[in-house]
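Have a look at the structure below before the remarks.
The values are calculated or read from the model by the stated rules, or taken from the named source; none is laboratory data. Computed from a predicted model, the values in this text were never measured in an experiment. We place every Cβ from the backbone using ideal geometry, glycine too, and count neighbours over all the protein chains shown. The accessibility values were calculated without ligands, DNA or RNA, using every heavy atom of the protein model including side chains. Shrake-Rupley method; radii C 1.70, N 1.55, O 1.52, S 1.80 Å.
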Amino acid sequence: MSRSSRLILSLIYWAFVVYVFVPLILMVMMGFKDSKFIGFPIKSWTLDWYLSVFRDAETINAFFYSLAIAFGSTAISLFVGTWIAVLLVGRSFPGRGLIFGLAILPALIPGIISAIAFRIYAQLWGVEPGMGAIIWAHAVHNVPFVMLVVSARLGTLPQSHIDAARDLGADPVVAFFRVTIPYLRPAMIGAGVFCLLISFDDFVRSFFLGGYEPTLPVLIFAKLRSGMSPEINAISSVVLLITAVLGIWAERSMRRLNKGS
């Protein structure tokens with residue numbers, strides 16, 4: 001690669017970094033502004049907005065409510081998505097393409113359309129708005145991502161590993177839990193973290209299927225109706241920090257497990 005090519009690629013890279021990180025940096029900075037209004041210049045700084053995030057019971061409740069929904073929907077998505085991946089990878093049977101198409105469909109439908117459809121379907125079956133309905137909608141939406149990630153990992157599983165387990169006397173079920181599942185663990189962790197973040201951040205489905213108790217994105221939206229303030233920047237910054245730590249942990253865990261497998 002020539003020097004001019006490296007220079008152009010470096011400029012593109014740093015332009016991308018600026019494009020991604022500058023808005024986030026501005027958001028974090030505005031959370032420190034000692035004023036009720038957003039904008040420059042920042043004449044004085046304060047930690048009050050960040051401290052108020054941890055003192056506000058409504059925000060804390062919404063955070064843990066969103067977290068519970070994210071964990072619940074992710075557990076269901078992992079179970080269903082992994083099962084579909086095991087069913088489809090390495091097998092050929094009538095209807096395989098149809099099953100794959102139906103499994104991938106929730107990821108292709110626009111969020112607003114999906115939310116309206118779930119709302120109508122929930123009313124049809126008498127499902128009350130609230131945590132159960134949101135978990136159900138988030139889980140259905142996340143299944144395709146689990147299926148794709150686990151399928152990619154499962155496709156690289158050497159058949160010799162399964163054959164060795166069978167030669168040592170393991171039946172198909174034991175071989176699955178002692179060989180296949182441990183091999184899939186990095187993909188399942190990565191897919192699980194991805195689903196957690198998607199579910200935690202999902203506003204549209206939470207808004208349409210939620211009850212009186214708001215998730216954190218819905219609460220932030222409600223606060224935005226009264227105008228942008230440093231409080232919202234502080235809440236968003238705390239969530240950004242938590243998701244960044246979670247993402248880094250997941251990336252390191254996957255790398256460590258991939259080296260060990």
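Below are the figures for this structure:
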quantity: Magnitude of the charge dipole, the chain, Cβ model with Lys/Arg +1 and Asp/Glu -1, debye to 20; calculated: 760 debye
quantity: Length added when fully stretched, Leu67-Phe16, from 0.36 nm per residue minus Cα-Cα; calculated: 15.3 nm
quantity: Lysine pairs with alpha-carbon atoms under 25 Å apart, the chain, spacing 8 or more or separate chains; calculated: 4
quantity: Percent accessible area from carbon and sulfur atoms, the chain, protein chains only, probe 1.4 Å; calculated: 70 percent
quantity: In order through the stretch 80-90: 3J(HN,Hα) via Karplus (6.51 cos²θ - 1.76 cosθ + 1.60), integer Hz, x for Gly, Pro; calculated: 5, x, 5, 4, 5, 4, 5, 5, 8, 6, x
quantity: Solvent-accessible surface (1.4 angstrom probe) belonging to Arg185, in square angstrom, nearest 10; calculated: 120 Å²
quantity: Heavy atoms of Tyr121: accessible area, 1.4 Å probe, square angstrom to 10; calculated: 110 Å²
quantity: Selection from Val239, Leu184, Ile76, by position along the positive dipole direction of the stretch 48-259 (Cβ); calculated: Leu184
quantity: Selected from Ser73, Ser151, Ser229 as most flexible by GNM, with the chain as the system and alpha-carbon contacts under 10 Å; calculated: Ser229
quantity: Calculated P(r) of the stretch 48-259 - Cα pairs past 33 Å, %; calculated: 26 percent
quantity: Trp83 versus Ile38: modelled label distance in nm, points set 7 Å from Cα along the beta carbon direction; calculated: 4.3 nm
quantity: Accessible area per residue, Å², the stretch 66-222 with all protein chains present, probe 1.4 Å; calculated: 52 Å²
quantity: Fully extended contour minus Cα-Cα distance, from Ala152 to Ser92, at 0.36 nm per residue; calculated: 19.9 nm
quantity: Using alpha-carbon coordinates, inclination of helix 111-124 to the longest axis of the chain, degrees; calculated: 70 degrees
quantity: Whole-angstrom gap from the stretch 102-147 to the stretch 197-259, using each part's C-alpha centre; calculated: 19 Å
quantity: Helical contribution to [θ] at 222 nm, DSSP H n ≥ 4, -39,500 (n - 2.57), averaged over the chain, rounded to 500; calculated: -25500 deg cm²/dmol
quantity: Max mean-square fluctuation residue, GNM over the chain, Cα-Cα springs under 10 Å, options Met131, Met228, Met30; calculated: Met228
quantity: Backbone HN-Hα couplings from phi across the stretch 6-23 [Karplus 6.51/-1.76/1.60, Hz, Gly and Pro as x]; calculated: 4, 5, 5, 5, 5, 5, 5, 4, 5, 5, 5, 4, 4, 4, 7, 8, 4, x
quantity: Loop-located chymotrypsin sites (Phe, Trp or Tyr not before Pro) in the stretch 128-205 whose Cβ has at most 12 other Cβ within 10 Å (DSSP); calculated: none
quantity: The stretch 1-68: trypsin sites (Lys or Arg not before Pro) in DSSP loop, at most 11 other beta carbons within 10 Å; calculated: Lys36, Lys43
quantity: Between 0 and 90°, nearest 10: helix 230-260 axis offset from the chain longest Cα axis; calculated: 30 degrees
quantity: Top of Gly31, Gly39, Gly111 by mean-square fluctuation, Gaussian network on the chain, Cα under 10 Å; calculated: Gly39
quantity: In the stretch 22-54, the chymotrypsin sites (Phe, Trp or Tyr not before Pro) that fall in loop regions by DSSP, at most 12 other Cβ within 10 Å; calculated: Phe37
quantity: Computed FRET value (nearest 0.05) for Ala107 with Ser4, which takes r as the C-beta separation and R₀ as 45 Å; calculated: 0.65
quantity: Ala164 versus Leu47: modelled label distance in nm, points set 7 Å from Cα along the beta carbon direction; calculated: 5.3 nm
